[in-house]
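Heads up, the thing below is written out as structure tokens.
The values are calculated or read from the model by the stated rules, or taken from the named source; none is laboratory data. The structure displayed is predicted, hence computed values, not measured ones. Quick reminder, even Gly has a Cβ in these numbers, built from the backbone with ideal geometry, and neighbours come from all protein chains shown.
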Amino acid sequence: MSDKKLTLDKANKKIAGVCAGLANYLDIDVTVVRIVFLIACVCGFSAGFWAYVIIWAVAPSS
């Protein structure tokens, strides 16, 4: 079982560190996560925006 935890990455943040923290958690490039959130918001998927806000509110800082 993995002991990884989702945290905001303040060192690599652009806005709040949500995408950088999620990329660290998933072991993928942060650019991919940022593009996915951008596409979700631009295409009218409010779920992308709300997922970002909820993660920002509940995830602790690293």
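Scanning region 27-57 for residues that are among the aliphatic types (A, V, I, L, M) and farther than 13 Å from Leu8 by Cα yields Ile28, Val32, Val33, Ile35, Val36, Leu38, Ile39, Ala40, Val42, Ala47, Ala51. Put simply, of Gly17, Gly21 the only residue that is at positive phi and touching a strand residue (DSSP E or B) at 6+ places or on another chain (Cβ under 9 Å) is Gly17. Among the residues here, Ala47 does not qualify as surrounded by 14 or more Cβ atoms within 10 Å (Cβ to Cβ), hydrophobic (A, V, I, L, M, F, W, C) and not in a loop (DSSP other than H, G, I, E, B). If I filter region 6-16 down to residues being outside any helix (DSSP H, G or I) and touching a residue at least 24 places away in the same chain (Cβ under 8 Å), which single residue comes out as farthest from Ser62 (Cα to Cα)? Looking at the filtered set, the residue picked out is Ala16.
Of note, Asp3 satisfies the criterion of being among the acidic types (Asp, Glu) and at pLDDT below 90. In region 17-40, the condition of being in contact with a Ser or Thr (Cβ under 8 Å, 6 or more places away or on another chain), part of a loop (DSSP other than H, G, I, E, B) and of a type in the set (Asp, Glu) is met by no residue. In region 26-40, how many are closer than 15 Å to Thr7 by Cα and either in contact with a His (Cβ under 9 Å, 6 or more places away or on another chain) or exposed (fewer than 12 other Cβ atoms within 10 Å of the Cβ) (or both)? So the count comes out to 1.
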